[in-house]
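Q: Supplied in structure tokens, the structure appears directly below.
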Amino acid sequence: MTLPISDEEILARYRTGRSASAIARELGVDCRTILRRIPQAERRTHLQARQLNRPAPGIDAASIQALRAQGLAWTVIAAETGLSAKTVRARA
């Protein structure tokens, strides 16, 4: 299958932390198509992927509420913590 980007670009995106599923969604292909282009030695385990996709585990409701009390918007707090605004609201 011919993809709109090279295998090197796929690997570069994967190395920056993008998931194979996210890359596949962008390109409109099946996730397995992307995984076949990533060397086995570089593929993340399930636990590694979970840790990578769960940023800022230390931010708690009290910290979020303190930032909100300072007048920061949800989106600003999200940008500072590496979480989505939806996740920040859910943790508060």
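Q: Among residues other than Ile77 whose Cβ falls under 15 Å from its Cβ, what is the net charge (Lys/Arg +1, Asp/Glu -1)?
A: Values: positive: Arg68, Lys86, Arg89, Arg91; negative: Asp60, Glu80.
Every neighbour counted, the sum reads +2.
Q: If you take every residue apart from Ile23 with its C-beta less than 15 Å away from the C-beta of Ile23, what net charge results, scoring Lys and Arg +1 and Asp and Glu -1?
A: Details: positive: Arg13, Arg15, Arg18, Arg25, Arg32, Arg36, Arg37, Arg43, Arg44; negative: Asp7, Glu8, Glu9, Glu26, Asp30, Glu42.
The answer is +3.
Q: If you don't mind, there's one more thing I want to ask. Can you work out ³J(HN,Hα) from phi for every residue in the stretch 64-77, in order, using Karplus 6.51 cos²θ - 1.76 cosθ + 1.60 and θ = phi - 60°, giving whole Hz and x for Gly and Pro?
A: 5, 5, 5, 5, 5, 5, 6, x, 6, 6, 4, 5, 5, 4
Q: Cα gyration tensor of the stretch 3-54, axes a ≥ b ≥ c as square roots of the eigenvalues: rounded (a/c below 1.5), prolate (a/b > b/c) or oblate?
A: Details: a/c = 1.79, a/b = 1.51, b/c = 1.19.
Prolate, because a/c is 1.5 or more and a/b exceeds b/c.
Q: Quick one: 3J(HN,Hα) in Hz for the stretch 30-38, Karplus 6.51/-1.76/1.60 with θ = phi - 60°, rounded, Gly and Pro as x.
A: Per residue, the Karplus-derived 3J(HN,Hα) values read 6, 4, 5, 4, 6, 4, 5, 8, 9 Hz.
Q: How large is the helix-only mean residue ellipticity at 222 nm for the chain, computed as the sum of -39500 (n - 2.57) over DSSP H runs with n ≥ 4, divided by its residue count, in deg cm²/dmol to the nearest 500?
A: Values: 7 runs with 53 residues, N = 92.
It lands at -15000 deg cm²/dmol.
Q: Would you work out which of Ala61, Ala49, Leu27 lies farthest towards the positive end of the dipole of the chain? Charges go on Cβ: Lys and Arg +1, Asp and Glu -1.
A: Towards the positive end, the residue furthest out is Ala61.
Q: Candidates (i) 2.13; (ii) 1.43; (iii) 1.39; which is the computed Cα Rg over 2.2 N^0.38 Å?
A: Read-out taken from this structure: (iii).
No lab work stands behind these numbers, since they all come straight from the coordinates. Just so it is clear, the structure is predicted and the values come from calculations on it, not from any experiment. In this analysis, Cβ positions are derived from the backbone assuming ideal geometry, glycine residues included, and neighbour counts consider all displayed protein chains.
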